[in-house]
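The values are calculated or read from the model by the stated rules, or taken from the named source; none is laboratory data. Everything quoted here is computed from the prediction, not taken from an experiment. Cβ sites come from the backbone with ideal geometry, for glycine too, and all protein chains shown count toward neighbours.
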């Protein structure tokens, strides 16, 4: 990435042997240094990925214009707390939180799909600038398969056209249903939170890659972060595109070359991840490719959980460990946190289970990074601190906290700065490229 050249300042501060000296000198001079460019290899405690997810709901409000002031707040709080990387959601449901591009402005930017902010500004460009000024990496975070965020059709006649209508034109409809969406075993469009594209669509893959290429070509981002890159559930997808590609009815006999239909489905997702890595990241070897993945890969009998949890591998056909083993992703971030929090927390995602799952992923990291997710909605900060310490004990490359909104509500920034993040850290280097 591009960095401000402060040769004399850096040389003096490095001679003093202190990253803190660099930050202080830069701040007093009015300059900013991108800290991940430098670190002391002899001090492993200084090397740790400290990520923060920022979703579209963390900084925008439906019906109100999005504001750069909110981005300023987020960056200042994140940097002050001791984070060194942000996953900023730039694609929610085939829409854009940046200057379009292949996809239209998101409705949460200025009230309606395709409506630009007034006055015009670019949230991603602004976030990248402010993050780098404060020594933070900025990774563009994309929901991959979601096409629209409810079960209705998106508005037509926006510029550029919404992906829903491109998918309709590419694959057609059957009985009024888009063939290119995920269908369930009853032959209905699968829609819980999102309508999602079928992973079997090569047309859809090419569209995602166009979006990713546009982002890396036009913004000084530090990586791409993939989310919702899984099937919608164990009974999806029985769409016509999958039937044509597999050559068999869904969940019946194995397609040619596979031992099961489920293996064929996993390979559809594997292929999409591989394309991101091979066609986009390979052209920009300084960038990270990471993905938020299901918290349980495969539940093991010895854990004694009784088989009650859903699995990424078997229920969502997401082979996240396969991506690591295949060397076509840099980082996975297992989402090991609750959807709902009670106080004191006594739900399923206990610290003990969190440790078991992190250790399970870390055991199969295959030389890449496992950066486990930690929830921010606990009513006591100790729940977060204990998980950070557990990740360090297990030996992960760092961790990421989901997400900014609850962290701000609970006002945990000072707790991080004076506790687990009291010593500044830089993200690890990617040494395999």
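Listed here are the residues, each with its yes/no results for (1) surrounded by fewer than 16 Cβ atoms within 10 Å (Cβ to Cβ); (2) within 20 Å of residue 289 (Cα to Cα).
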{"position": "322", "(1), (2)": "no, yes"}
{"position": "368", "(1), (2)": "no, yes"}
{"position": "379", "(1), (2)": "yes, no"}
{"position": "385", "(1), (2)": "no, no"}
{"position": "429", "(1), (2)": "yes, yes"}
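Checking every residue in the stretch 212-234 against the condition of being over 30 Å from residue 138 (Cβ atoms) and touching a helix residue (DSSP H, G or I) at 6+ places or on another chain (Cβ under 8 Å) gives at least one match. Of the residues screened, residue 63 is one that is surrounded by fewer than 24 Cβ atoms within 10 Å (Cβ to Cβ), modelled with pLDDT under 95 and over 16 Å from residue 208 (Cα atoms). Exactly one residue among 422, 397, 417 is at negative phi and either crowded, with 18+ Cβ neighbours inside 10 Å or under 19 Å from the mean Cα position of the chain (by Cα) (or both), and that residue is 397.
Here the condition is being under 21 Å from residue 272 (Cβ atoms), surrounded by 15 or more Cβ atoms within 10 Å (Cβ to Cβ), modelled with pLDDT of 95 or more and over 16 Å from the mean Cα position of the chain (by Cα); of 330, 360, 315, it holds for 315 alone. Number of residues in the stretch 155-182 that are touching a residue at least 60 places away in the same chain (Cβ under 8 Å) and either in a strand (DSSP E or B) or under 22 Å from residue 230 (Cα atoms) (or both) equals 7.
Table: residues versus (1) surrounded by 18 or more Cβ atoms within 10 Å (Cβ to Cβ); (2) under 20 Å from the mean Cα position of the chain (by Cα); (3) at pLDDT 95 or above.
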| site | (1), (2), (3) |
| --- | --- |
| 224 | yes, yes, yes |
| 232 | yes, yes, yes |
| 242 | yes, no, yes |
| 247 | no, no, yes |
| 262 | no, no, yes |
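Here the condition is being more than 22 Å from residue 64 (Cβ to Cβ) and in contact with a helix residue (DSSP H, G or I) (Cβ under 8 Å, 6 or more places away or on another chain); of 127, 163, it holds for 163 alone.
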